[in-house]
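Asker: Below is one structure. I have some questions about it.
The values are calculated or read from the model by the stated rules, or taken from the named source; none is laboratory data. Bear in mind that the values here come from a model prediction, so they are computed numbers and not experimental data. Quick reminder, even Gly has a Cβ in these numbers, built from the backbone with ideal geometry, and neighbours come from all protein chains shown.
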Amino acid sequence: MEEVLVVGKSYYFTIFLLYILIMLQKFYPYRFHIFLATQLIILFGVLIFQGDLFDSVVSPLLNIGNIIAGLFLLHKKKKTFWIVAILLILATLSFGIDVIDKEDEYFLKGLKLTSYFIFHIVVTRELILQVWKSKDINEKTILGLISGFISLGFIGFFMCLFTELAYPNSFSFPENSISNAQNLMYFSYITLLTIGYGEILPETVLAQKIVIFIALSGQMYLVILTGIIVGKFIIQKEEKT
């Protein structure tokens, strides 16, 4: 009986989120701004909400908000829109049940993280395609370019996190009070940017291959996609003059 009530509450919570999404259609023209804002809040929200509270409560809520923003972004992509909508429901249900009932915490955590991971893969693909196919280089194109790069960092983060959860000690961490999740988030982006300070190290072959993938993805994105956008912008400017 209790499980039915839990699922029922999570169901109504999901419907409420979708209702909010429908009511906010007037913000559709600002979808790129909203999506980028949710990404930045996820990245830097830990500066405001520190400790376990961020990882256990605030971060899941921010990620759910990011998926909702993704629905705005993919509003006209029907198939992709419904894929993201399903991921939103799964993420919301897993979070809602986890808050109320901690018995299946490991499964719910896996379902939640998997939903986030698939979402970032889907939205990164769509952002890259939109930027690649764009004919006019404008503010939305630039925002999409930035969001796509940030999404690559999230993909790298989830790859590292899943590896560490499945094979503990795949990464060596410095002795600090920062959670492994936050350490890996930081590690993903400094690898993507090819900074590499060296305080976090991949200790297994799988972890090393993931690091190579993240670094290559970042370089290819910056060199190829950014180069194409710059070229289109130069041509566009010459045509107007």
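Asker: Any chance the range 136-148 includes a residue that's part of a loop (DSSP other than H, G, I, E, B), of a type outside the set (D, E, K, R) and touching a helix residue (DSSP H, G or I) at 6+ places or on another chain (Cβ under 7 Å)?
Answerer: Keep residues of the range 136-148 that are part of a loop (DSSP other than H, G, I, E, B), which gives 136-138.
Remaining after also requiring of a type outside the set (D, E, K, R): 137-138.
Next, from what is left, pick out any that are touching a helix residue (DSSP H, G or I) at 6+ places or on another chain (Cβ under 7 Å): 137.
Yes: one or more hits.
Asker: Could I ask something else about it? Can you name the residue in the range 149-177 that is hydroxyl-bearing (Ser, Thr, Tyr) and in contact with a helix residue (DSSP H, G or I) (Cβ under 8 Å, 6 or more places away or on another chain) and is also surrounded by the most Cβ atoms within 10 Å (Cβ to Cβ) among such residues? Lay out the reasoning, then the answer.
Answerer: Let us first name the residues in the range 149-177 that are hydroxyl-bearing (Ser, Thr, Tyr), namely 151, 163, 167, 170, 172, 177.
This time we only want the ones that are in contact with a helix residue (DSSP H, G or I) (Cβ under 8 Å, 6 or more places away or on another chain), so: 151, 163, 167, 170.
Details: SER151: 25, THR163: 19, TYR167: 13, SER170: 19.
The qualifying residue surrounded by the most Cβ atoms within 10 Å (Cβ to Cβ) is SER151.
Asker: Please enumerate the residues belonging to the range 187-228 that are part of a helix (DSSP H, G or I), of a type in the set (Val, Ile, Thr) and in contact with a helix residue (DSSP H, G or I) (Cβ under 6 Å, 6 or more places away or on another chain). Show your work before the answer.
Answerer: Quick first cut of the range 187-228, residues part of a helix (DSSP H, G or I) only: 187-192, 205-228.
From what is left, the residues that are of a type in the set (Val, Ile, Thr) are 190-191, 205, 210-212, 214, 223-224, 226, 228.
Selection gives THR191, ILE210, VAL211, ILE214.
Asker: Consider only pairs whose beta carbons are under 9 Å apart and that are at least six residues apart or on different chains; among these, list those whose first residue lies in the range 214-233 and is closer than 23 Å to MET185 by Cβ and whose second residue is surrounded by 17 or more Cβ atoms within 10 Å (Cβ to Cβ) and at pLDDT below 85.
Answerer: Here the result reads LEU225/VAL131, each pair linking the range 214-233 to a residue that is surrounded by 17 or more Cβ atoms within 10 Å (Cβ to Cβ) and at pLDDT below 85.
Asker: Restricting to the range 190-227, give me the number of residues that are more than 19 Å from the chain's Cα centre (by Cα) and closer than 20 Å to TYR167 by Cα.
Answerer: So the answer is 12.
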